[in-house]
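Colleague: My questions all concern the structure below.
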Amino acid sequence: MIRALKTAMGRAPIGDPLDTVSDKPLAVRGLTVSYGDKPAVFSLDMTVNDGSMTAIIGPNGAGKSTTLKAVLGIVPRLSGVVSVFGQPLAKSRPRIAYVPQRASVDWDFPTRVIDVVLMGLVRELGLLRPVRDRHRKHAFECLDRVGMRDFAERQIGQLSGGQQQRVFLARALAQGADLYLLDEPFAGVDAATERAIIDVLKSLRADGRTVVAVHHDLSTVRDYFDHVMIINVHKVAEGPVAEAFSEENLQRAYGGRLAANLMDQLQLGGH
Amino acid sequence: MGTSILLDALTLQLGYNAKLVAIGAALLGIAAGASGTFLFLRKRALVSDAISHATLPGVGLAFLVMAAFGGDGRHLVGLLLGAALTAGAGLLAMHWLTRRTRLAEDAAIGAVLSVFFGFGVVLLTVIQTVSVGRPAGLEDFLLGATAGMLYQDAVLITVAGALAVLVVWLLRRPMTMVAFDAGFAAASGVNVRRVDLAMMGLVLAVTIIGLKMVGLVLIVALLIIPPVTARFWTNRSDRVVIIAGVFGGLSGFIGAAISATAPSLPTGPIIVLTAFVLFVVSMLFAPGRGVLAAWMRHRRQQRRIHLRQGLLAIAQDLPIYERYTLQLLVRAGLARADGVPTELGRRRAEKACRDESRWAVARRMHSHESAVSRYDGLLPIEDVLTRDEIREIDRQIADAGGECA
């Protein structure tokens, strides 16, 4: 079985043998991605535990979003293996939900909120199966969970930034996944939206789902997440927030120059 | 007299050839409008321009090959096959340039378009000077010609056009997903490259079948103008596809009919101009996104803002300075002509004041920009913000102490 898995993934893992962690929601070994000549992510190892909430943090251009995209196969990886619940990506896709960066799409696109959420059901609907009442009902429930049921018929261009982010989250909820990968879900949203999103994410964790989010606001890492992964092209630290989210590790990732500023931020939000 | 000819043409009573052309053009327009929609939504409209210009060397090469094998070189299916081959090559070249070099797509389009077209022009010139076969009529592929349209040509357009529409219908979901959010589509397991390829293949097919009638220079218009026109009428992508098909079909049919009324009117350009007229009419008069509707919204907003300002003045016991404001208040039964508010006016003023302080908070809050930008003076805040967002705002108002200034 394990041998078959390794063959399917095409290449022997670097670092820890993958089979020791192969049942984890997400295990990454030796992931390298390069745009042009310069690696954006270099030989990254990452292990995400069942039912955990992990923040991926790091300075701008550290390869946080790229890591997510490479895990999902959206950008090609130069090397490395990814296993999701012990299976290669091709087999485990139905168990993954993805929330891209809000700014990555054109919000003047001619579509309604409900249609965007229904896109989360693409695997179930396939090419031609008609959208039935139960699909719509499911989509409405997902909108309800993010407080957007009343907005189902709106054209997406009429939404505020926070509402757009909620719609993206509702679409991911519609996917009904076990592993949620979110790219900057709190970027540029209002306080109410931030609270609505974190409530949803925490309820997912309570249901035993696993959440991994690229995160930019260091002051909320301790409140929102239980695990953290600090990267700056290379991995700097990984582990429970209490251990890995340390001043020393942040210094190493963000560099001494910015550190004073960041420490101030942490004082504001810290305990 | 002119109108009666046009009427005859529109009701398909102007002879066999005119009838063929009108029906063929309508079907071509439907296929082009529906296929072009996804290219437009994917923001790659200009790719179609490169594809169409890359057909010309194929026409020349196919002619040479067929002439070399002893034919007269003008067999339509052969010429179109050649056109499809070089158009496909152009598409691959563009794809390669954008993926493997640092060139942006617009630069790749420009390079492929001009080089392939230039090569095609050279080929046609050579063919004309060495006088192999019977090249008369090859230049028709540039701007289109319908004079010699045959029954087989109409059948070709019908079959290929119907196939294109069928493919659009089959692939509508993945194509919409890729056009809206390629990253999410890829993460959900949609093969984005293959969907893109299908999108381009559709455009290529429509270009090829439209080559004879509309010509390679103008076929782009038939692919792009109908979707752009349709966008004025709806905010739903599935409807954009259908409306674009209808507009494309109408443009083809009406354009062909007009050009049939006089011998000197070229069909392709008239079809494109018809599409353009539909575009202008839609741009001006479409509800919602049209220019006129936008202007009327602006006027209404002006009225609403005056009313709101009047109500706020009432709420704060300030005099109303602007005559227009007072006129509006009186007309709405909110104030008497001397400026004293009515009972209804007082109640509305109170509500306006509460809303206004909510909006004031919303305006200060990060990321309500697009909701705030829709604020037109009377828009109830519960229309644009969720309940918990409003609760958050009310909490902030309470923190600041007090509801109304």
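The values are calculated or read from the model by the stated rules, or taken from the named source; none is laboratory data. Please read all numbers here as calculations on a predicted model, not as lab measurements. Reconstructed Cβ throughout: ideal geometry from the backbone, glycine too, with neighbour counts over all protein chains shown. To get the accessible areas, we keep the full protein, side chains included, count just its heavy atoms, and leave off ligands, DNA and RNA. Shrake-Rupley method; radii C 1.70, N 1.55, O 1.52, S 1.80 Å.
Colleague: How big a patch of accessible area, both sides summed and in Å² to the nearest 100, lies buried between B and A at a 1.4 Å probe?
Modeller: 3700 Å²
Colleague: Determine the dipole magnitude for region B:213-327: charges of +1 sit on the beta-carbon of Lys and Arg, -1 on that of Asp and Glu, nothing else is charged, the reference point is the Cα centre, and the result goes in debye to the nearest 20.
Modeller: Here region B:213-327 has a charge dipole of around 400 debye.
Colleague: Name the long-range amide H neighbours of A:TYR180: under 5 Å, sequence gap of 5 or more, or other chain; modelled H, no Pro or chain starts.
Modeller: A:ALA97, A:THR210, A:VAL211, A:VAL212
Colleague: For helix B:219-231, report the angle its Cα long axis makes with the longest principal axis of the Cα atoms of chain B; keep it between 0 and 90° and round to the nearest 10°.
Modeller: 20 degrees
Colleague: Give me the three principal axis extents of chain B from the C-alpha atoms, as integers in angstrom, largest value leading.
Modeller: Its Cα atoms span 95, 60, 34 Å along the three principal axes.
Colleague: What are the semi-axes of the equivalent ellipsoid for chain A, taken as the square roots of 5 times the Cα gyration tensor eigenvalues, largest first, in whole Å?
Modeller: Output for chain A: semi-axes of 30, 25, 16 Å.
Colleague: Sticking with this structure for a sec: Which cross-chain or sequence-distant (5 or more) residues have an amide H under 5 Å from the amide H of A:ILE56, H modelled 1.01 Å from N in plane?
Modeller: A:ALA213, A:VAL214, A:HIS215, A:MET229
Colleague: Working with all protein chains in place, sort B:HIS53, A:HIS227, B:HIS298 by solvent-accessible area computed with a 1.4 Å probe, largest first.
Modeller: B:HIS298, A:HIS227, B:HIS53
Colleague: Using a 1.4 angstrom probe on the protein heavy atoms only, line up A:ASP108, A:ASP45 by accessible area, largest first.
Modeller: Result of the area sort, largest leading: A:ASP108, A:ASP45.
Colleague: Here's something else I'd like to know. Hey, what do the phi angles of region B:271-276 turn into as Karplus ³J(HN,Hα) couplings, whole Hz, using 6.51/-1.76/1.60 and θ = phi - 60°, x for Gly and Pro?
Modeller: Once rounded to whole Hz, the list reads 4, 5, 5, 4, 4, 5.
Colleague: Past 19 Å, Cα to Cα, is the threshold; run A:LYS91/A:LYS137; A:LYS38/A:LYS69; A:LYS202/A:LYS235; A:LYS69/B:LYS43; A:LYS38/B:LYS43 against it and keep the listed order.
Modeller: With Cα atoms farther than 19 Å apart: A:LYS91/A:LYS137; A:LYS202/A:LYS235; A:LYS69/B:LYS43; A:LYS38/B:LYS43.
Colleague: While we're on this one: If you wrap a convex hull around the Cα atoms of region B:221-358, how much volume per residue is inside, in Å³?
Modeller: Dividing the Cα hull volume of region B:221-358 by its residues yields 157 Å³.
Colleague: So with the 1.4 Å probe, I'd like the accessible area per residue for region A:52-137, rounded to whole Å².
Modeller: Normalised by residue count, the accessible surface of region A:52-137 is 39 Å².
Colleague: If one computes the Cα centroid of region A:94-166 and of region A:30-53, what distance in Å separates the two points?
Modeller: Taking the Cα centre of each part, region A:94-166 and region A:30-53 sit 29 Å apart.
Colleague: Nearest 10 degrees is fine. How inclined is helix B:76-100 to the longest principal axis of chain B, computing both from alpha carbons?
Modeller: Helix B:76-100 sits roughly 50 degrees off the main axis of chain B.
Colleague: Right, another one. Express the carbon and sulfur contribution to the solvent-accessible surface of the protein assembly as shown as a percent, rounded to the nearest whole number, probe 1.4 angstrom.
Modeller: On the way: 18020 of 30470 Å².
After summing per-atom areas, the C and S share lands at 59 percent.
Colleague: Moving on. When ligands, DNA and RNA are left out and all protein chains stay put, how many square angstrom of accessible area per residue does chain B have with a 1.4 Å probe? Each step should come with its number before you reach the end.
Modeller: Working: 19260 Å² over 405 residues.
Accessible surface, normalised per residue, equals 48 Å².
Colleague: Quick one: plug the Kirkwood hydrodynamic radius of the protein assembly as shown (C-alpha pairs) into Stokes-Einstein at 4 °C, 1.567 mPa s, and report D in µm²/s.
Modeller: 45 µm²/s
Colleague: Also, quick follow-up: Read phi for every residue in region A:162-171 and hand back ³J(HN,Hα) as whole Hz from Karplus 6.51 cos²θ - 1.76 cosθ + 1.60, θ = phi - 60°, with x for Gly and Pro.
Modeller: Residue by residue, region A:162-171 yields x, 5, 4, 5, 5, 4, 4, 5, 4, 4 Hz.
Colleague: At a 1.4 Å probe, which residues in region A:66-93 are at least 40 Å² less accessible with all protein chains present than in their chain isolated?
Modeller: A:ILE74, A:ARG93
Colleague: Could I ask something else about it? Please give the helix B:387-400 orientation as an angle from the longest Cα principal axis of chain B, in degrees from 0 to 90, rounded to the nearest 10.
Modeller: Roughly 40 degrees, rounded to the nearest 10.
Colleague: Which value at 222 nm does chain B reach when only helices count, each DSSP H run of 4 or more adding -39,500 (n - 2.57), with the total divided by all residues and rounded to the nearest 500 deg cm²/dmol?
Modeller: Details: 19 runs with 299 residues, N = 405.
Helices in chain B give a 222 nm mean residue ellipticity of -24500 deg cm²/dmol.
Colleague: Sticking with this structure for a sec: Ignoring ligands and nucleic acids, what accessible area does B:PHE285 show with a 1.4 Å probe (Å², nearest 10)?
Modeller: Near enough 120 Å² of accessible area.
Colleague: Of B:ILE254, A:ILE197, which has the most accessible area with a 1.4 Å probe, and how do the rest follow in descending order?
Modeller: Largest accessible area first, the residues go B:ILE254, A:ILE197.
Colleague: Here's something else I'd like to know. Count neighbours as other Cβ atoms within 10 Å of each site's Cβ, and list the trypsin sites (Lys or Arg not before Pro) in region A:82-177 that are DSSP loop with at most 10 such neighbours. Spell out each step's value before the answer.
Modeller: Values: sites: A:LYS91, A:ARG95, A:ARG102, A:ARG112, A:ARG123, A:ARG132, A:ARG134, A:ARG136, A:LYS137, A:ARG145, A:ARG149, A:ARG154, A:ARG166, A:ARG171; in loops: A:ARG132, A:ARG154.
Those that pass, being in a loop and sparsely packed, are A:ARG132.
Colleague: From the phi of every residue in region B:162-172, what ³J(HN,Hα) in whole Hz does the Karplus formula 6.51 cos²θ - 1.76 cosθ + 1.60 yield, where θ is phi - 60° and glycine or proline is x?
Modeller: 5, 4, 4, 4, 4, 5, 4, 5, 5, 9, 4
Colleague: Can you list residues whose amide H is under 5 Å from A:VAL41's amide H, if they're 5+ apart or on another chain and H is modeled 1.01 Å from N?
Modeller: A:VAL33
Colleague: On to the next question. Just to be sure I understand the interface: list residues from region A:120-143 that lose 20 Å² or more of accessible area between the chain on its own and the complete protein assembly, 1.4 Å probe.
Modeller: Residues meeting the cut-off: A:VAL122, A:ARG123, A:LEU127, A:LEU128.
Colleague: All other residues with a Cβ under 14 Å from the Cβ of B:THR55 taken together, and with Lys, Arg as +1 and Asp, Glu as -1, what is their net charge?
Modeller: My count for the surroundings of B:THR55 gives -2.
Colleague: Give the residue list of chymotrypsin sites (Phe, Trp or Tyr not before Pro) in region B:61-127 that are DSSP loop and have at most 10 other beta-carbon atoms within 10 angstrom.
Modeller: Details: sites: B:PHE63, B:PHE69, B:TRP96, B:PHE116, B:PHE117, B:PHE119; in loops: B:PHE69.
The qualifying sites are B:PHE69.
Colleague: State whether region B:292-400 is rounded, prolate or oblate according to the following rule on the C-alpha gyration tensor (a ≥ b ≥ c being the square roots of its eigenvalues): a/c under 1.5 gives rounded; otherwise a/b larger than b/c gives prolate, and the remaining case gives oblate.
Modeller: Note, shape of region B:292-400 comes out oblate.
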